[in-house]
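Contents: one structure, followed by commentary.
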Amino acid sequence: MIKIKSQREIDLMRQAGHIVYLTHQYLKPYIKEGITTKQLDKLAEDFIRSKNAIPSCKGYEGYPATLCVSINEEVVHGIPSNRKLKKGDIVSIDVCVCYKGYHGDSAWTYPVGEISNSKKELLLYTEQALYEGLNQIKPGNRIGDISNAIELYANSHNLGVVKELVGHGVGSSLHEEPDVPNYGKKSTGPILKEGMVIAVEPMLNYGTADIYMLEDGWTIVTDDDSPSAHFEHTVLVTKDGYEILTGE
Ligand code: MF3
Ligand code: CO
């Protein structure tokens with residue numbers, strides 16, 4: 001069942017989403033050569049708690065940290081560690097918070113110093129793929145319209161679309177129905193209705209779409225070691241479109 005949020009729930013989700021947005025803004029100036037991913041995690045956790053929110057990922061199915069920090073060929077779910085960011089890296093930071101029982105979820109991929117042209121393209125096109133998907137959102141359209149728009153855009157730039165991981169509904173649980181795949185057919189899947197909240201999150205690779213999991217049981221990496229990017233917003237379906245809850 002896909003939940004329709006009440007006005008009260010929507011207000012809380014706006015606040016949760018805003019804390020996610022503020023966390024990204026807070027972290028941005030620290031995303032520089034030399035910082036460890038664990039230091040970023042500590043900054044994020046302290047910031048989120050200072051806003052009276054809780055990091056949703058910490059303890060989620062045993063996940064040990066606040067952030068998922070995924071570097072270069074890491075697609076998602078990189079565990080913060082003593083690894084230092086280097087110039088030329090791209091780093092995806094996935095922030096999930098819970099405020100008064102409601103979640104917000106947004107990932108963004110950042111450059112560390114000057115990056116290669118191929119990585120620049122990957123970031124530009126993956127961010128745009130997110131908006132291509134979001135632009136399909138309005139009552140009466142279907143999940144497949146979002147999926148198809150992302151897939152077509154990714155294909156037009158020869159990027160690999162990760163199929164095993166999908167976007168999702170968001171609410172009093174971090175992951176709710178429906179799944180929001182980054183590939184699929186137009187006019188298929190659940191119908192969007194005003195008051196639904198979903199996270200749309202293309203994960204695109206500069207090479208093969210294929211991925212595997214590292215032995216840590218969390219980190220997902222590309223099969224061919226090509227770089228991967230991840231852009232995600234939590235959005236509310238409105239009367240005639242959508243509202244980004246994790247944006248400015
Ligand atoms: N945004 C991530 C997702 O939707 C959250 C992962 S939390 C974790 O998959 F605990 F699984 F890492
Ligand atoms: Co998500």
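The values are calculated or read from the model by the stated rules, or taken from the named source; none is laboratory data. All of these numbers come straight from a predicted model, not from anything done at the bench. No Cβ is skipped: glycine too gets one built from the backbone with ideal geometry, and neighbour counts run over all protein chains shown. With ligands, DNA and RNA removed, areas are computed over all heavy atoms of the protein, side chains included. Shrake-Rupley method; radii C 1.70, N 1.55, O 1.52, S 1.80 Å.
Quick check, is Glu121 modelled with pLDDT of 95 or more, closer than 16 Å to Ala154 by Cα and open to solvent by 50 Å² or more (accessible area, probe 1.4 Å)?
Working: modelled with pLDDT of 95 or more: yes; closer than 16 Å to Ala154 by Cα: yes; open to solvent by 50 Å² or more (accessible area, probe 1.4 Å): yes.
Yes, satisfied.
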Flagged in segment 161-184 as more than 12 Å from ligand 1 (Cβ to nearest atom) and under 18 Å from His77 (Cα atoms), in numbering order, are Val161, Lys163, Pro181, Asn182
So which residues in segment 57-97 are charged (D, E, K, R), in contact (Cβ under 8 Å) with a residue 40 or more places away in the chain and more than 16 Å from ligand 2 (Cβ to nearest atom)? Glu73, Arg83, Lys84, Lys86, Lys87
For segment 216-227, give me each residue that is part of a strand (DSSP E or B) and either without any contact (Cβ under 8 Å) to a residue 12 or more places away in the chain or more than 14 Å from ligand 1 (Cβ to nearest atom) (or both). Val221, Thr222
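Tell me which residues, restricted to segment 134-154, are touching a Phe, Trp or Tyr at 6+ places or on another chain (Cβ under 8 Å), of a type in the set (A, V, I, L, M) and closer than 16 Å to Lys193 by Cβ. Steps first, answer last, please.
Looking only at segment 134-154, we keep the residues that are touching a Phe, Trp or Tyr at 6+ places or on another chain (Cβ under 8 Å), and these are 134, 137-138, 147-148, 150-151, 153-154.
Pick out the ones that are also of a type in the set (A, V, I, L, M) and you get 134, 137, 150, 154.
Answer for segment 134-154, where residues must be touching a Phe, Trp or Tyr at 6+ places or on another chain (Cβ under 8 Å), of a type in the set (A, V, I, L, M) and closer than 16 Å to Lys193 by Cβ: just Ile137.
Only one residue in Ser106, Ser81 is in contact with a Gly (Cβ under 8 Å, 6 or more places away or on another chain), hydroxyl-bearing (Ser, Thr, Tyr) and either modelled with pLDDT of 95 or more or within 16 Å of ligand 1 (Cβ to nearest atom) (or both), so which one is that?
Numbers: Ser81 fails: in contact with a Gly (Cβ under 8 Å, 6 or more places away or on another chain).
After ruling out the rest, the residue left standing is Ser106.
Select, from Ile54, Ile48, the only residue that is closer than 16 Å to Thr23 by Cα, in contact (Cβ under 8 Å) with a residue 12 or more places away in the chain and surrounded by 23 or more Cβ atoms within 10 Å (Cβ to Cβ).
So the residue among Ile54, Ile48 that is closer than 16 Å to Thr23 by Cα, in contact (Cβ under 8 Å) with a residue 12 or more places away in the chain and surrounded by 23 or more Cβ atoms within 10 Å (Cβ to Cβ) is Ile48.
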Restricting to segment 65-78, name every residue that is more than 16 Å from Ala229 (Cα to Cα) and more than 9 Å from ligand 1 (Cβ to nearest atom). Thr66
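From the list Ala129, Ala149, which residue is more than 16 Å from ligand 1 (Cβ to nearest atom) and either of a type in the set (Ser, Thr, Tyr) or farther than 13 Å from Phe231 by Cβ (or both)? If you could, list the steps in order and put the result at the bottom.
Values: Ala129 fails: either of a type in the set (Ser, Thr, Tyr) or farther than 13 Å from Phe231 by Cβ (or both).
After ruling out the rest, the residue left standing is Ala149.
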Kindly list the number of the only condition in (1) part of a strand (DSSP E or B); (2) within 20 Å of Val221 (Cβ to Cβ) that fails for Leu165. (1)
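If the requirement is being out of contact with any Phe, Trp or Tyr (no Cβ under 8 Å at 6 or more places or on another chain) and either buried (at least 23 other Cβ atoms within 10 Å of the Cβ) or not small (Gly, Ala, Ser) (or both), which of these qualifies: Pro202, Pro181?
Details: Pro202 fails: out of contact with any Phe, Trp or Tyr (no Cβ under 8 Å at 6 or more places or on another chain).
Answer to the check: Pro181.
Which one of these is surrounded by 15 or more Cβ atoms within 10 Å (Cβ to Cβ) and within 15 Å of ligand 2 (Cβ to nearest atom): Ala107, Ala154, Ala149?
On inspection, the qualifying residue turns out to be Ala107.
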Looking at segment 185-199, can you tell me whether even one residue there is assigned to a loop (DSSP other than H, G, I, E, B), over 29 Å from Ile19 (Cβ atoms) and in contact (Cβ under 8 Å) with a residue 60 or more places away in the chain? no
Give segment 233-242 a look and list any residue that's surrounded by fewer than 24 Cβ atoms within 10 Å (Cβ to Cβ) and farther than 12 Å from Asn135 by Cα, or say none. Leu236, Thr238, Lys239
Test Val112 against the stated conditions and say whether it is open to solvent by less than 50 Å² (accessible area, probe 1.4 Å), touching a residue at least 24 places away in the same chain (Cβ under 8 Å) and within 15 Å of ligand 2 (Cβ to nearest atom). no
Single unsatisfied condition, Gly144 versus (1) in a loop (DSSP other than H, G, I, E, B); (2) out of contact with any strand residue (DSSP E or B) (no Cβ under 7 Å at 6 or more places or on another chain): (1)
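Can you confirm whether Lys32 is within 16 Å of ligand 1 (Cβ to nearest atom) and farther than 20 Å from Leu159 by Cα? Lay out the reasoning, then the answer.
Numbers: within 16 Å of ligand 1 (Cβ to nearest atom): no; farther than 20 Å from Leu159 by Cα: yes.
In short, no.
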